[in-house]
1. How many Cβ atoms of partner chains, on average, are near each residue of A:36-44 if near means within 10 Å of its Cβ?
2. Would you mind pulling out the separation of the Cα centroids of the stretch B:325-367 and the stretch B:279-324, in Å?
3. For the stretch A:2-178, taking Cα atoms only, what is the radius of gyration to one decimal and the Dmax to the nearest whole Å?
4. Of all DSSP beta bridges located in chain B, what percent are antiparallel, nearest 5?
5. Normalised by the residues of the stretch A:2-178, what does the relative contact order come to in percent, with Cα pairs under 8 Å and at least six apart?
6. DSSP beta bridges in the protein assembly as shown, what fraction antiparallel, as a percent rounded to 5?
7. For B:149-157, what's the mean count of beta carbons from other chains sitting within 10 Å of each residue's beta carbon?
8. Lys and Arg at +1, Asp and Glu at -1: add these up for the other residues within a Cβ distance under 15 Å of B:Ala244 and post the number.
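Every number here is computed from the coordinates shown, using simple stated rules; none is lab data. Predicted model only: the values in this text are computed from it and were never measured. Cβ: placed from backbone, ideal geometry, glycine included. Neighbour counts: every protein chain shown.
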Amino acid sequence: MPLTLAITLVTVTLILGVYLVWTEGRLERLATRVQGSWSALDAQLVRRSAAAGELAAYCRRHACGDVDLAEAMEDAAVDAQSAGQSEREYAENELSKAIRAALVALGPAGVGESKPDRLRAELATSATRVGLARQIYNDAVRDLRGLRRRRIAGLLVRRGRHVSPGDFFEIDDTALSLAATSAVGGQD
Amino acid sequence: MRVGLVCPYTWDVPGGVQAHVRELALTLQTLGHEVSVLAPAADPDAELPPYVVNAGRTVPIRYNGSVARLAFGPRSAKRARRWLADGEFDVLHLHEPFAPSVSLLALWAARGPVVATFHASVVRSRALETLEPALRPALEKVHARIAVSPAARTYVVTHLGGSCLLVPNGVDVARFASAEPLPGWPGPDGAVGFLGRIDEPRKGLPVLLEAFGPLAAAHPGLRLLVAGPGDVEEVREDLPGPWAHRVELLGLVSEQDKARFFRSVDAYCAPNTGGESFGIVLLEAMAAGAPVVASDLDAFRVTLDGAGELVPADDPDALAGALDSLLNDPARRAGLSTAGRDVVRRYDWPVVTRQILEVYETVAGEKVSADRSGAGR
């Protein structure tokens, strides 16, 4: 009898151990995914604010579209670039709004090779990429949060040195696709 | 960029997913990317294109209402692992990841950025609901999900939660637009076309055959051209005598002949009774300039976008009526043909592939930056 008990205990411990190691692996993989997709989103946000700044500067110099709106966009781009982690979401959202207002004032885009058209195309592309990267990042955060809510995984998180799962990044980037040339779409 | 594509269904049997993977692979290569495709083959000695790696033999499995040939076993798993190790892909792009086949095997073995495309859509999948907890860890490895149709996207979001991008199926517009009609078709008295499995009732051939009776009486000389796999003899035996000779059964046609088929008819008919998630055949017909008459299914309505006639599904009288008035109205046919070519332009493979590349670049950027931060630690 004691032998049977010992074998059972060893087996249960082994299974539990394998499960813990496996879960730890899942947590780490998801944390890497969150981190990586944040880098991608960060890069696209930087690219977008740079594109917005460049277009705004051009409009200011050449008095195209609404100069006040262009200046507002330029200010918003600077704010977005200098925002700290906690103000980032707000600043990027303000930039979204400023970009939309400025683009509406500029009227429909041409498809030519002129400088303003190229600047607008770059802004449209980077705005689309922000939407894409944001969705991919939020998915990663959601998956990691989902796993950390599980009982055993949650235990590992509390016992281990796991960093925060990251926050969802919510900004309004849907209406920007008005100006976008690409049709990759779909939210929620 | 090095891209690994995985097709779960048998490569040497024609199908929507196979065609999607092949066209995506070819277009990516044209755009200068390195592509390798992992797919099972029914015939071990099958002549595969140089970019396809054989994932082993398949077994027939009933899946999603029809029979699919899938590869799922230790040998296929080993080949998937070897292919992944040899490939060193920047992005791994799996198709139909939850079909019990090489896509799922590759997902289990995957390490880097993964993109998954969902093709099917069923309103409610008991199997998926039951297996969801077991599939959850695999799903966590998928960085970006893509659905090829609004219906497929609803299915993914409903069953798996989270988000899903929408990138439509593509069509090789130029190839369909420039194909030569089959010799002797459509002929002076008109021709109606059907393409799909002839022994799969959901594809609707029985409905069309029933509608063809009154049509054949009203249009002397009108012919019906039927292409698609299945038992041709069985269908031929069941054809009613008086107009049996006006039905041409081609059986399974090659990709080249499929394009020629669409150019050989005055109206293309899709009398499907359900189970369709997108209707790529409708796009192919539109690319070839064939006016389309299709069942009024959600997927078909979205795909046609007004450039075709919709009739109630499973209603031979309505179908016969719609085909009859279309055959009597050349101006309407020409109008539908022009509208169809317009709609299909946004599904041209280069357009669709660039959208998919945007997704690749976004997730592959992750890999590069994750490596960088890993090295800095």
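1. On the way: counts 14, 9, 3, 8, 12, 3, 1, 5, 2.
That average works out to 6.
2. For the stretch B:325-367 versus the stretch B:279-324, the Cα centre distance is 16 Å.
3. 23.6, 89
4. Details: 6 of 46 bridges.
In chain B, DSSP labels about 15 percent of beta bridges as antiparallel.
5. 31
6. In the protein assembly as shown, approximately 15 percent of DSSP beta bridges are antiparallel ones.
7. Numbers: counts 0, 1, 0, 0, 3, 0, 0, 0, 2.
Average per residue, whole number: 1.
8. Working: positive: B:Arg223, B:Arg236, B:Arg246; negative: B:Glu210, B:Glu233, B:Glu234, B:Glu237, B:Asp238, B:Glu248.
Around B:Ala244, the charge tally is -3.
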